[in-house]
Amino acid sequence: MILTNVYTTPPSIDGEIVNFFETGFNGLIDENIGVSLLIFLSIVFAVIFSAAIGMQREKNGHPAGFRTHLLIGLGSALIMIISIYAAPGSYETRDPMRLAAAGVTGIGFLGAGAIIQNGFSIRGLTSAASIWITMAIGMCAGAGYFIIGFVVTSLTLIFLTFFHKIEVKASSRSAMIIIVTRVEDKSLDKIMSVCEANNIKVSEMSSELVKDGDSFLSKIVFRGTGTKKEAMPDLVVKLTQEIKPLECKILH
């Protein structure tokens with residue numbers, strides 16, 4: 001089934017590839033065979049793209065790893081294929097984006113499941129983002145847009161692999177720090193003193209009381225900015241030594 005009679009394919013290399021298959025290699029073979037080959041390639045590329053992202057996450061020990069991303073990419077491609085070629089209805093009444101839009105909405109629930117609150121920190125935001133982009137890449141492959149899928153997959157791998165090192169390097173000079181102490185310790189003045197003694201600029205500070213059984217804990221979060229390369233890790237060590245908090249760490 002060819003949708004180019006109704007839905008004009010945007011001018012691009014990927015669009016030319018889709019048209020080439022849907023017209024049966026420009027009339028050399030039956031159009032249905034051409035579409036079947038396009039669907040087969042869509043599934044293959046969706047598996048390759050999602051597997052590449054999943055392998056990167058698996059090697060770095062993240063819960064949403066190889067199999068999870070592989071299934072997301074494959075399922076997204078299948079949704080897109082069904083949206084374009086298998087959804088019932090005539091060309092005039094059929095909207096291939098309707099089922100795809102439902103898939104975009106549904107992936108949010110899976111992404112939310114990857115976000116975990118661990119104590120006073122939140123983990124899994126990057127995993128949720130990688131799940132979301134894998135879904136988008138899978139749909140891209142399912143629509144026959146292989147070059148765009150390859151480019152976005154390559155950029156995703158670059159961001160996940162190399163930009164993490166940039167984040168770590170940047171957080172050594174400026175980062176959000178969380179400190180949890182007992183209320184009676186009155187640690188706010190001590191924090192300011194330690195930061196001032198180590199030439200750390202304090203900003204974006206907030207504090208709140210957290211109930212812990214029959215008592216309350218003080219949770220203080222602030223951004224520290226220093227000039228030295230390892231300013232923030234050194235500050236955490238010194239705050240731990242001086243204040244002896246229940247928890248003191250850098251929020252990534």
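The values are calculated or read from the model by the stated rules, or taken from the named source; none is laboratory data. Note that this is a predicted model, so its numbers are computed, not measured. SASA here: full protein model, heavy atoms, side chains in, ligands and nucleic acids out. Shrake-Rupley method; radii C 1.70, N 1.55, O 1.52, S 1.80 Å.
Annotations
- Euclidean distance of C-alpha centroids, segment 44-84 and segment 237-252, integer Å: 39
- Computed with a 1.4 Å probe over protein heavy atoms only, the accessible area of Val202 comes to about 40 Å².
- Here the translational diffusion coefficient of segment 128-213 follows from Stokes-Einstein with Rh set to the Kirkwood radius across Cα pairs; for 37 °C and 0.692 mPa s it amounts to 190 µm²/s.
- Solvent-accessible area of Arg173 with every protein chain in place, 1.4 Å probe, in Å² to the nearest 10: 90
- Computed accessible area, Ser193, all protein chains, 1.4 angstrom probe, square angstrom: 70
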